[in-house]
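Below: one structure, written as structure tokens.
Where a number appears in this text, it was derived from the coordinates with a stated rule and is not lab data. Just so you know, these numbers come straight off a predicted model, no measurement behind them. Every residue, glycine among them, receives a Cβ derived from its backbone with ideal geometry; neighbour counts consider all protein chains shown.
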């Protein structure tokens, strides 16, 4: 990947590419705000977005009550986050989503949603600082419960967190030994969850001598984080994670090494690393466009945003995501969602198509139930208002090209656009296209539904 800084202004396609990778909201309006700006200017705008995220009213309540109380809060937890992501575009939440799928916990094991909100806030607050995330996640109440750190004491360390710390969180298999797990687990002892919080007690911690990744001393939990981050394998591990999430799923070893060096040079502060990636020549190469597959969150939130339906009931959005095997705050294993090709199979692909087609029609998937807001107000996509944003919107060919540009991450061929034009016009001569006509609504619906049925629509 060519990390040379790019200085030429962004085209429409390049601005949309940046938005697809950094937010859940690649809208025409958002694209217009970035088009013509240099990557540095555009990325600064994208990364500066930091909208407030009010916490649920119960976030500060003590985690006690009946099973029914706990279950109710699980659903409210999902609606809280997805509802925010629907209406507030930001790179911050895209990055938080990556961390939720990295330092995983699930609401059923953790049980009380208050701890899951705290973990979400931890990842949000420290989203750019890997060292800070590491030092804080060790004593995070949700993580302590999820991986049994709450039961780990001197003389009887629980190795669950220590194992996942190396295997899934920082180094990857082959870059540590079983002895490192045992010794690190000793250093992770001493934590207890009490109420909403967790505390570290040296009386419960193993303060004895340990050898971890070749370094010997009376190490405690922060020492494990420091020693781990000093390993070259750690920087490469996070470099690969970032590239697979935001750039391409199969980066070359050379690209991983380049980004790993950036991570080390910036002491595991990722803000300048993301700046370098998103402002680089390589990020905008044609081969990178569409090199990822949309996860269900990007699919659902993206369709809602591009059609101006961000106020859709979060309950419905969460339900669709869950049906597509991505239940918020409930990863399938501690490994999280593997993503990419795993998102698409003979069952989920047609489900994805049906969801998008129905949404454009203002309906819930496979039903005649109309889409509504959380308060019950019926809402409908306004495709004519969307098309009015396009240049030369009274030209049928231009409308087809613009809609394809907006919805597809890869360029369409002349043949594909000819087919889409024929679908939109239902066989009529394109000269009869009139955005002011009563037929414009149905024609735009036909066009948009045809595009979301295309396999390319599933790419990012």
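Side notes on the structure shown:
- Rounded to 0.05, the FRET efficiency of the residue 216 and residue 148 pair, given R0 = 25 Å and the Cβ-Cβ distance, is 0.40.
- 12 Å reach of a label modelled at residue 442, 7 Å along Cα-to-Cβ, counting backbone N of the stretch 354-369: none
- Extension gain for residue 346 to residue 269 (0.36 nm times residue separation, less C-alpha to C-alpha distance): 23.7 nm.
- Gain in span if fully extended, residue 135 to residue 11, counting 0.36 nm per residue against the direct Cα distance: 40.5 nm
- Normalised contact order of the stretch 383-458, rounded percent, pairs of Cα under 8 Å and 6 or more residues apart: 39
- Relative contact order for the chain, counting Cα pairs under 8 Å that sit 6 or more residues apart, in percent: 17
- Ranking of 99, 112 by count of other Cβ atoms within 10 Å, fewest first: 99, 112
- Ranked list, fewest to most other Cβ atoms within 10 Å of each Cβ, for 64, 400, 419, 110: 64, 419, 110, 400
- Cut-off 18 Å (backbone N to label point 7 Å along Cα→Cβ of residue 380), residues of the stretch 406-445: 435-445
- Orientation-averaged projected area, Cα convex hull of the chain (nm²): 22.9
- Entry note: the stretch 383-458 has Rg to Rh equal to 0.92, where both radii use alpha-carbon atoms and Rh is the Kirkwood radius.
- Annotation: peptides 185-195, 375-385, 248-258, ranked by per-residue average of other Cβ atoms within 10 Å with the highest first, follow the order 185-195, 248-258, 375-385.
- Evaluated at q = 0.17, 0.18, 0.22 Å⁻¹: base-10 log I(q)/I(0), Debye formula over Cα of the stretch 112-181: -0.68, -0.76, -1.03
- Here the gap between residue 368 and residue 173, fully extended at 0.36 nm per residue and compared with their Cα-Cα distance, gives a gain of 65.3 nm.
- Highest average first, the peptides 345-352, 153-160, 117-124 ordered by how many other beta carbon atoms sit within 10 Å of their residues are 117-124, 153-160, 345-352.
- Note on residue 413/residue 392: beta-carbon distance plugged into 1/(1 + (r/R0)^6) with R0 of 22 Å gives a FRET efficiency of 0.60.
- Degrees between helix 232-246 axis and first principal axis of the chain (Cα, 0 to 90, nearest 10): 20
- When both the stretch 430-448 and the stretch 64-141 are represented by their alpha-carbon centers, they are found 43 Å apart.
- The chain: angle of helix 396-407 to the longest principal axis, Cα-based, in degrees nearest 10: 10
- The stretch 175-272: C-alpha gyration tensor shape, a/c 1.5 cut-off, then a/b vs b/c: prolate
- Among 295, 140, the order by Cβ neighbours within 10 angstrom, fewest to most, reads 295, 140.
- For the chain, the longest principal axis of the C-alpha atoms and the axis of helix 39-48 are separated by about 60°.
- The chain, helix-only ellipticity at 222 nm - DSSP H runs n ≥ 4, -39,500 (n - 2.57), divided by all residues, nearest 500: -14500 deg cm²/dmol
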